[in-house]
Each structure stands twice: as C-alpha cells, then as structure tokens.
Ligand code: SF4
C-alpha cells in the first residue's frame, strides 16, 4: 500500500512538487495500472453518482423498518419557512446529509464513502458548494482525491469499518475526509488539510457503532449530519490557522487503538448502545415478529 | 488490499456494502459459474446474513444477483417481482454452518438447461466477496479477476492442457488452484486471469479431453 501515513503524503508533495490531490491520483495510477485520465474519469463518475444520489431524493420513500425517510424534506421545508439558526450553508449541509443517508436506507443508489452507512457526509459538504457555483467539477474531483487519500491512510493505519472500529471509524473517517476536501477547495495548505482531518477525527473519537436492530438506519442517518457539520467546523478552524495539537498520524493511530478497545457490544453487533435501549429492543422484536409471520 | 475507489466507492444501492452490495455480487457469481439462466434457487443465509439480512435487503440483493444485476442496479429492490416475471423460483432458509464467515450465503441453483451448482460465499466487507466452496470442494477466490472454473477428470496433464489454451490466447494467469474432491475422482481447477477470456478459448477448453464443464465469471467493468 502506497499511502501509509499523512506524513508520507506531505513528504511527497515537497519532494515531487505536486499538489495533494495529484500525489493521491498518481498512487492510484501506479496501483491499478491505469492512465491518469482513466483515474480522473473514474473519480468524476464517482462524483456524478454522489450528485445523482442527492438529485433523486424523494421524501415519500421509507426504509424497510419504516423508521427512516422524509427528514431531509423537513429540514428543507423548515429552512424555506424561517431563518435557521445555522445559516444558509450549514442548513443545506444538514439537509443533504439526511437526504443521502435516507436514500441509502431506502435502497437507493449512493457512493460508499468510506462506507454505505457514512455515505451522506461527503456529498453533504460538497454538493451545496457546487450548487451555489462556488466551485466547479474539476475542483471537486480533485478535492475527492484529497479525501480519498485521507481515507486510504486511515484505512491502512486504523480502520474504516464499524464492526472493527465503531462509528468513529465510519462517520469519523468520513468527517476527516470531508474536512480535508473542504480545506483543499478553499485553497488551504497540505498542513491545513492534515489539521482539519485530525480535528474532525478527534472530535468523534470513541463514537460507538450501535445500529438499532442491526439496520443502517438509527442512529446512522443523523450521525451523517454530525459527521458533516463537524467537518465544516474543523475545516474552518484549520483555515483560520488553528492547529491540531496532536499530529494527524498520531490521531489516526489513536482512533485505531480506541476502536480495538471498544467492547464488541459497541461494534455493530447491536448488543449495546442505542440498539440495547428499550426502544431499540422493541424495534428488533417487531421486525422479528414480522419475519416469522 | 484497498485502493482509493474502495474508500470512495463502490457506487451501490444501499443500505449496506456487506449485506447488500456483497450479496448482489454473490448471486451474480453463482449465475456466472452456473453458466446459464437460473430457474431455481435454494438460498441458505448464515450468521448476520440470517439475522439482519431482511432489513438490509440481503434476500432481494441475492436474487438480483442471480438475475444478473450488478450492485448499482436500481432494480435490486424489485428483484422478487422481476424474478417472478422471468420464471426464477427461489426459497430462503436459515443455514447453520460451521466455521463460516458471519456474512455467508449458500446457494443451490439450477439452470434452464438443467445445470446445477452449489456455491458458498462470504461477503467480507466493503462489498468484496470470497467464494469458499463450489460443489462441495473448498476453494478461495474473490471475483477481483476474471475467473475460469473447470471441472475435469483428475488425469495427468489436464492442467497444462487448460493453461496451454489460455496462453495461446495471450492470457496472463494471476492465480490458480487445483482442488480435488476427496470423495470423487473429479477435480476442480480455478484460474484467475488478468485479461478477459474470449469465447473461442472457452469453447476449446470445453472440448478438451477429460473436461466435464467450464464456466466463466467476467469481472465487473470499471
Ligand atoms: S452506527 Fe454503525 S452502522 Fe451506523 S453509520 Fe455508524 S458505524 Fe455505520
């Protein structure tokens, strides 16, 4: 694996005099033995699939359990009716995170980033910027390379699966990826990208994976919102010159270590956390009854 | 081994890469290795596939795969209906397997031309799969490569005849394994290749002395 640490990416940026995104693209070119154009086009297709996952949202869809659906529309309606607390960009971020995560629960097409459960975080921060014309497609595709590079390092050093690392490994990783992409889009330095990713990950450290009835629905959909909003705040802090005191690679290693220490009940088994609440248990019992019927 | 499009991807129908996308791939693998339209399927769900499979659409995903769909096909949620229209009959049961990965399915499938296949495969995370058993023989391959499965009599020189047909078509071998079923005299050879295997090479392999059948899974296009 070519991307073992964020430090390695920083070193390559200096040694090869390339921007962050290009280091990641060239790694892909080398690993998959494809041309630079083919790699870029694949990333473009990935982006367009993200965009489509937002555009094809319908508020009347419901998930298998019936627990998920319609909340993105509620957010949009509320924002249309009165001024939100969080302002125009964040209200779109929240609604978009809900919309993509709901679509996932309703068996629509999404881009796993890094997993299906956390698929709403990246589109949530990127699509609103793209829609208002502040960034174009080329810039977005490059920023996606930045986020993929961060995700690859986390996948290599720690984990990107709830079953092995808890939700900090899924939504936490997605937030770090999104924060890095945002800093890149705003012209931040590679170090600022690293600080943003580190802060986003630190702020979700220890987050458990506890899906009710084992379904990627509750709390997953709303966790995409906290992942995205957290990414925005981490990116803005980094762009303001605020630094993560703990170096980014150490934060990543620490996330991996915390994940390994999480009890198995809090790693996707649905034996603890919100899944074990009376509400969670009753949902599970209801679904089992339905299955037997 | 993860590449960056395992991190940003796959593009897939939700809700779960392991319980939905991986399940589609398992179904699709079974159809490819049967080598014909599937008419009947007995599908055993093991572990987490049995417990949360319904909520994740694992059942519909497996049937979608048997119908030839890929993980990003928006027809996946409607696969039961499509199966009915195409004359595919299926049945689910809970399988209790020993030492199997928690996300495992066992598929007994029967084709339009009477072919049969029993495939056991696991969804190993991120939508990736691994086939663990074929017709009672232990195997291990993932569908990351183009995959040729040849059933043949366990006679001397058979493997080299198969490989020869591939090499004259300019095909590079990525991995290979010859697996014997302890109980019978037949062998099962799995060859994973970098290049696609053309139809004429497949036909030549099928008529080799000692070959009982040869089926082929072509890896998903980028
Ligand atoms: S709670 Fe678990 S299943 Fe849900 S998004 Fe987080 S890691 Fe994924």
Counted residues in the stretch B:102-145 being part of a loop (DSSP other than H, G, I, E, B) and over 22 Å from residue B:13 (Cβ atoms) come to 7
Considering only the stretch A:167-184, I want to know if a residue exists there that is part of a helix (DSSP H, G or I), at pLDDT 95 or above and in contact with a strand residue (DSSP E or B) (Cβ under 6 Å, 6 or more places away or on another chain). yes
What are the residues in the stretch B:101-116 that are in contact (Cβ under 8 Å) with a residue 60 or more places away in the chain and surrounded by 24 or more Cβ atoms within 10 Å (Cβ to Cβ), if any? B:103, B:105, B:107, B:109
Given (1) surrounded by fewer than 22 Cβ atoms within 10 Å (Cβ to Cβ); (2) away from chain B (no Cβ under 12 Å), where does residue A:163 come up short, assuming only one miss? (2)
Could you please let me know if residue A:274 is crowded, with 20+ Cβ neighbours inside 10 Å, within 15 Å of the ligand (Cβ to nearest atom) and more than 14 Å from chain B (Cβ to nearest Cβ)? no
With the checklist (1) surrounded by 13 or more Cβ atoms within 10 Å (Cβ to Cβ); (2) outside any helix (DSSP H, G or I) in hand, flag the one item residue A:245 doesn't pass. (1)
Qualifying residues in the stretch A:215-242 (those that are surrounded by fewer than 24 Cβ atoms within 10 Å (Cβ to Cβ) and within 11 Å of the ligand (Cβ to nearest atom)) - the one farthest from the other protein chains (Cβ to nearest Cβ): A:226
Can you tell me which of A:117, A:66 is farther than 26 Å from residue A:181 by Cβ and either crowded, with 24+ Cβ neighbours inside 10 Å or away from the ligand (no atom under 16 Å from the Cβ) (or both)? A:66
Inside the stretch A:90-114, the number of residues satisfying the requirement of being closer than 19 Å to residue A:42 by Cβ and away from the ligand (no atom under 14 Å from the Cβ) is 2
Name the helices (runs of 4 or more DSSP H) wholly within the stretch A:74-157 that hold at least 3 residues that are within 11 Å of another protein chain (Cβ to nearest Cβ)? A:88-105, A:137-157
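So, residue B:44, is that one modelled with pLDDT of 90 or more and on the phi > 0 side of the Ramachandran plot or not? Let's see the steps before the verdict.
Values: modelled with pLDDT of 90 or more: yes; on the phi > 0 side of the Ramachandran plot: no.
No, not satisfied.
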The lone exception for residue A:204 - which of (1) within 14 Å of the ligand (Cβ to nearest atom); (2) within 14 Å of chain B (Cβ to nearest Cβ) it fails: (2)
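So if I check each of B:144, B:76, which one is within 16 Å of residue B:29 (Cβ to Cβ) and modelled with pLDDT under 95?
Numbers: B:76 fails: modelled with pLDDT under 95.
The unique qualifying residue is B:144.
Collect the residues in the stretch A:14-64 that are touching a helix residue (DSSP H, G or I) at 6+ places or on another chain (Cβ under 6 Å) and at the interface with another protein chain (Cβ under 10 Å from one of its Cβ atoms), keeping them in residue-number order.
So the first thing to find is which residues in the stretch A:14-64 are touching a helix residue (DSSP H, G or I) at 6+ places or on another chain (Cβ under 6 Å), and the list is A:20-21, A:23-25, A:28-29, A:36, A:39, A:43-44, A:47, A:50, A:53-54, A:57, A:59, A:63.
A:24, A:25, A:28, A:39, A:43, A:47, A:50, A:53, A:63 - these are the residues of the stretch A:14-64 that are touching a helix residue (DSSP H, G or I) at 6+ places or on another chain (Cβ under 6 Å) and at the interface with another protein chain (Cβ under 10 Å from one of its Cβ atoms).
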Out of the stretch A:145-199, which residues are without any contact (Cβ under 8 Å) to a residue 40 or more places away in the chain and either within 16 Å of the ligand (Cβ to nearest atom) or over 21 Å from residue A:46 (Cβ atoms) (or both)? A:151, A:187, A:189
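Condition test on residue A:225, is it assigned to a helix (DSSP H, G or I), in contact with a helix residue (DSSP H, G or I) (Cβ under 6 Å, 6 or more places away or on another chain) and modelled with pLDDT of 95 or more? Can you show your working first?
Values: assigned to a helix (DSSP H, G or I): yes; in contact with a helix residue (DSSP H, G or I) (Cβ under 6 Å, 6 or more places away or on another chain): yes; modelled with pLDDT of 95 or more: yes.
Yes, satisfied.
The values are calculated or read from the model by the stated rules, or taken from the named source; none is laboratory data. Owing to the predicted nature of the structure, the values given are computational and were not obtained by experimental measurement. Neighbour counts run over all protein chains shown; Cβ positions are idealised from the backbone, glycine included.
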